[in-house]
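Bear in mind these aren't lab numbers, they're just calculated from the coordinates by the rules spelled out. Everything quoted here is computed from the prediction, not taken from an experiment. Quick reminder, even Gly has a Cβ in these numbers, built from the backbone with ideal geometry, and neighbours come from all protein chains shown.
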Ligand code: ADQ
């Protein structure tokens with residue numbers, strides 16, 4: 001069987017005992033890499049010491065759990081321009097339709113391309129003739145083109161974990177055409193939803209450089225390649241088991257005892273403006289104002305580990321959300337009840353599964369999201385005989401699949417507030433029916449299926 005080479009910005013390294021780190025994608029890719037004698041290459045997470053900045057980049061190679069990891073350190077300048085710069089200050093906001101937040105700097109765009117060339121230089125000498133390469137996410141869009149320039153003829157696939165924006169929004173990026181051309185160097189380009197794929201096709205059409213063809217193919221910049229929809233998922237069975245176990249875990253129950261007895265609505269997100277956390281807190285505030293009988297009985301548990309703390313907007317956001325929750329708690333809280341519990345920590349998977357299971361409402365209201373795995377985890381963690389209700393933003397990729405959720409417009413706080421009340425009064429039979437529909441989908445379409453379908457699409461490309 002051909003080797004599988006996975007390339008991503010960060011590499012989720014396994015624990016000391018060789019088990020993959022938590023996170024559905026890491027687990028699925030680890031399984032695929034083991035099956036195919038694979039290699040995972042990316043940034044080590046370390047900054048190159050200043051005195052070594054002029055030395056040629058090197059890979060440190062290590063083996064763990066049957067997989068080879070090849071890691072490179074990056075210089076501070078590379079991180080500033082490529083990762084914190086163009087990737088997270090331009091591509092991330094634009095692809096999430098936040099043109100207002102994008103900050104263009106020419107040197108950062110060239111830094112983005114420089115690091116992609118560096119990845120290509122490091123990868124080329126490692127490649128064997130029939131290796132299959134799978135590149136992940138917006139940090140590495142130009143990688144295939146760079147590899148092709150170096151003579152690489154291997155099959156190369158690309159999966160975008162975030163949404164693809166409508167044409168008018170993409171066209172605000174000064175070098176959007178180079179990005180489009182870069183994608184045409186892949187053999188398979190995968191998106192989460194049909195909406196992302198049709199936006200991509202619309203960009204090609206409007207630019208006059210390509211279009212979708214019959215049978216899942218695309219022609220652009222004189223090349224024909226496959227394009228498809230591959231909705232990512234979770235390890236559904238694992239999450240179900242974790243949630244079941246949590247119910248009988250005494251230590252976990254002790255941790256929860258303070259919120260037991262309340263109707264809990266749970267939000268779990270990385271700190272990011274795309275997740276709509278402040279809009280959600282505001283919606284919860286309005287829900288309490290509109291439903292006086294819920295005051296003192298309902299709470300919002302918002303679990304949000306910090307992320308991208310090097311980017312100033314993220315630090316400001318952290319402060320804004322903390323202030324907002326403080327204001328709501330000050331306005332509505334009492335000595336023995338706090339309406340919003342805001343926690344800036346990363347939790348263990350089993351702890352998270354237990355909290356999802358005890359929450360009567362899963363509040364997943366991103367302003368825009370490629371997929372949103374929290375929505376799927378919340379569903380998988382529910383008790384089959386007494387499931388909670390998922391409230392889901394219509395702008396999350398997951399809304400395309402989870403039709404048993406109450407779909408909401410996250411920009412409309414009153415609508416979200418009404419949905420919370422609707423979820424809390426929903427009769428048991430309606431909750432079970434909705435949950436069954438979603439769970440059937442998640443059992444059939446788990447993260448292993450996502451991985452297998454992408455790889456078989458790539459083999460056929
Ligand atoms: P993210 O934007 O990171 O992913 P999401 O899909 O929700 O968003 O995944 C977050 C993961 O982090 C979940 O597995 C969740 O359980 C975990 N997590 C969040 N907060 C946590 C906490 N406090 N403690 C522990 N774990 C926590 C990007 C895209 C998404 C897309 C994924 C996968 O933005 O749209 O679904 O990639 O493609």
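Some observations on this one:
- Helix-derived mean residue ellipticity, 222 nm - over the chain, DSSP H n ≥ 4, -39500 (n - 2.57), to 500: -12000 deg cm²/dmol
- The simple Förster model, with R0 at 35 Å and r as the Cβ-Cβ distance, assigns residue 172 and residue 150 a FRET efficiency of 0.70.
- For the stretch 283-351, alpha-carbon Rg over 2.2 N^0.38 Å: 1.27
- Per residue, the convex hull around the alpha carbon atoms of the stretch 105-160 comes to 68 Å³.
- Rounded tilt (10° steps) of 194-207 against the dominant C-alpha axis of the chain: 40 degrees
- Multiplying each eigenvalue of the alpha-carbon gyration tensor of the stretch 221-346 by 5 and taking the square root yields semi-axes of 32, 23, 15 Å, largest first, rounded to whole angstroms.
- Take the convex hull of the alpha carbons in the stretch 236-444; its mean projected area over all directions comes to 11.0 nm².
- Rg then Dmax, both in Å and based on the Cα atoms of the stretch 1-101: 15.9, 47.
- Dimensions of the chain along the principal axes, based on C-alpha atoms and rounded to the nearest Å, stand at 68, 53, 43, largest first.
- Compared with the direct C-alpha span, the chain from residue 295 to residue 62 gains 78.4 nm at full extension, assuming 0.36 nm per residue.
- Note on the chain: antiparallel DSSP beta bridges, both residues inside, total approximately 20 percent of the bridges counted.
- Taking Cα atoms only, the orientation of helix 428-444 departs from the longest principal axis of the chain by about 20 degrees.
- FRET E, pair residue 331, residue 241, Förster distance 56 Å, beta-carbon r, rounded to 0.05: 0.85
- Relative contact order %, the stretch 236-444, counting alpha carbon pairs below 8 Å whose residues are six or more apart: 25 percent
- The Cα atoms of the stretch 187-293 cover 62, 37, 21 Å along the three principal axes, with the biggest extent listed first.
- Helix 349-358 axis versus longest C-alpha principal axis of the chain: approximately 40°, rounded to the nearest ten.
- In the stretch 134-222, the C-alpha radius of gyration followed by the widest Cα-Cα span (Dmax) gives 12.2, 34 angstrom.
- Shown for the stretch 316-365 is the translational diffusion coefficient from the Stokes-Einstein equation, using the Kirkwood radius over Cα pairs, a temperature of 10 °C and a viscosity of 1.306 mPa s: 124 µm²/s.
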